[in-house]
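So the structure is just underneath, and the comments pick up after that.
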Amino acid sequence: MNTETIVCKQIKKSFQAGDKTIEVLHSIDLIAHEKEMIMLMGPSGSGKTTLISIIGGLLNADSGECTVLGENINQLPEEVKTTFRGMNVGFLFQHLMLIPTLTALENAVIPLLCLGKNRKESLEKAAHFLEKVGLGDKLQKKPSQLSGGEQQRVALVRSFVHGPKIILCDEPTSFLDLERGKKIMDILKDAEETNATIIVVTHDPRILDYADRIVRIEDGMIVHGS
């Protein structure tokens, strides 16, 4: 069995809505390994995005333990957590979060530059991956000049360009046709083969064959595949 990279034990999370407490995650247990792609499925509002946000250190659990690459990520000081996240975690957000004033190439290269990598080599690397996802002729276009699917591919490249050990994707194929969706999943599968752990939140049945494991969440609880 490959090395455990993510270990979630009894993770609970709730949010306040006025005077009401909404429980989103209920005692979640999940283990993921290097070179594993997990598809995280479930109805909207079931807690999928909240779970990957906790794994990625963007949210803290109310209770329980989330160990990522040997670190209890919820207990790290914020500055240490930010550095850890920048080095080890790649995100593809559902809302993409591209910077509107930057080009496709400038958006994609951000993680490398944040790690202090050589600018020329970083731009070449980002350009290479953008070409791989079919955006070689769009490098200097800004997000407003790109289609939704093109923006999504820029965000995807940004998520893995720095070679993170953990890649967390929220609906990576939602704007893409079948052919482009499969191309994206092929690239993610290549990243998995470099020892990455990939968790993909999806409603897309077309990509389930890429999964090493399918985990289903309903009402904040894992009901299959943990």
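The values are calculated or read from the model by the stated rules, or taken from the named source; none is laboratory data. All values derive from a computational prediction rather than experimental measurement. Backbone-built Cβ (ideal geometry, glycine too); neighbour counts: all protein chains shown.
I'd like to verify a number: residues in segment 91-109 that are at pLDDT 95 or above, not charged (D, E, K, R) and not in a loop (DSSP other than H, G, I, E, B), how many?
Going through segment 91-109 one residue at a time, the tally reaches 4.
Do you know which residues across segment 84-121 are over 27 Å from Glu171 (Cβ atoms) and surrounded by 15 or more Cβ atoms within 10 Å (Cβ to Cβ)?
Lys117 - this is the single residue of segment 84-121 that is over 27 Å from Glu171 (Cβ atoms) and surrounded by 15 or more Cβ atoms within 10 Å (Cβ to Cβ).
Can you tell me how many residues in segment 119-151 are under 20 Å from Asp177 (Cβ atoms) and either in contact (Cβ under 8 Å) with a residue 60 or more places away in the chain or acidic (Asp, Glu) (or both)?
Of the residues in that region, 3 qualify.
Just one of Ile11, Ile6, Ile22, Ile52 is assigned to a strand (DSSP E or B) and within 30 Å of Lys125 (Cβ to Cβ); which is it?
Unique residue meeting the criteria: Ile6.
Within segment 72-83, restricting attention to residues that are touching a helix residue (DSSP H, G or I) at 6+ places or on another chain (Cβ under 7 Å) and part of a helix (DSSP H, G or I), which residue is surrounded by the most Cβ atoms within 10 Å (Cβ to Cβ)?
The qualifying residue surrounded by the most Cβ atoms within 10 Å (Cβ to Cβ) is Ile73.
Considering segment 192-216 alone, what residues qualify as being in contact with a helix residue (DSSP H, G or I) (Cβ under 7 Å, 6 or more places away or on another chain) and assigned to a strand (DSSP E or B)?
Ile198, Ile199, Val201, Ile214, listed by residue number.
Has segment 166-176 got at least one residue that is aromatic (Phe, Trp, Tyr) and within 21 Å of Ile38 (Cβ to Cβ)?
No: zero hits.
So which residues in segment 206-217 are loosely packed, with under 14 Cβ neighbours inside 10 Å and either without any contact (Cβ under 8 Å) to a residue 60 or more places away in the chain or among the acidic types (Asp, Glu) (or both)?
Hit for segment 206-217 is Asp209, nothing else.
Return the residues of segment 154-191 that are outside any helix (DSSP H, G or I) and over 18 Å from Thr49 (Cβ atoms); say none if nothing qualifies.
Hits for segment 154-191 are Val161, His162, Gly163, Pro164, Lys165, Leu176, Asp177.
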